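In what follows, a single structure is set out as C-alpha cells and then discussed.
Here, each number is a calculation from the coordinates, and none is a lab measurement. Values in this document were obtained by computation on a predicted structure and should not be read as measured data. Reconstructed Cβ throughout: ideal geometry from the backbone, glycine too, with neighbour counts over all protein chains shown.
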Amino acid sequence: QVQLVESGGGLVQPGGSLRLSCTASGIAFRFYSMGWYRQAPGKERELVASIAAGRSTDYADSVKGRFTISRDNAKNMVYLQMNSLKPEDTAVYYCNLRIDSIRSYWGQGTQVTVSS
C-alpha cells in the first residue's frame with residue numbers, strides 16, 4: 001500500500017518560514033516525479049512546485065524565489081522550504097506522487113496558516 005505522509009505545517013507570521021516534509025512508503029520513490037499542491041478555502045487545488053526523478057524543478061509564478069522543492073531519495077522524502085511567507089500562501093498543502101498521466105497518490109494534507 002502506497003502512503004504519503006506530510007508534516008511541518010503550522011501557524012507563522014508574514015515574512016516567516018516553514019519547511020514541509022513528505023515521507024513516502026510502499027513504492028520505489030526514486031523513479032517518480034513528486035509535487036506539492038495547495039488548496040485554499042473556496043479555491044481549486046493548484047500546483048505549487050514539482051521535482052522530477054532527475055531532479056529538475058518547476059514552480060508556480062507566485063512562489064518563485066521564495067519556495068524551494070527538494071528530494072532525498074535515500075530517505076524517501078520530499079521537502080518544501082517556504083520563505084518570505086505571505087497571507088495568500090495560507091492553504092492546505094498536499095504531497096503528490098505521480099505514477100503516470102492518470103494515476104497518482106496523495107497525502108492527507110498539512111495546514112499552513114500565515115497571519116499576524
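Taken along the Cα-to-beta-carbon direction at a fixed 7 Å, the label points for A52 and A40 span 3.0 nm.
Compared with the direct C-alpha span, the chain from Q81 to R19 gains 21.9 nm at full extension, assuming 0.36 nm per residue. If you wrap the tightest convex hull around every Cα atom of the chain and split its volume per residue, you get 98 Å³. Once C-alpha pairs closer than 8 Å and six or more residues apart are averaged by separation and normalised to the residue number of the chain, the relative contact order reads 36 percent. Take the Cα of Q1, step 7 Å toward its Cβ, do the same at R103, and the gap between the two points is 1.8 nm.
Checking the cross-link filter: which lysines have an alpha carbon closer than 24 Å to that of K43, excluding same-chain neighbours under 8 positions apart? Here the lysines satisfying the reach criterion relative to K43 are K64, K86.
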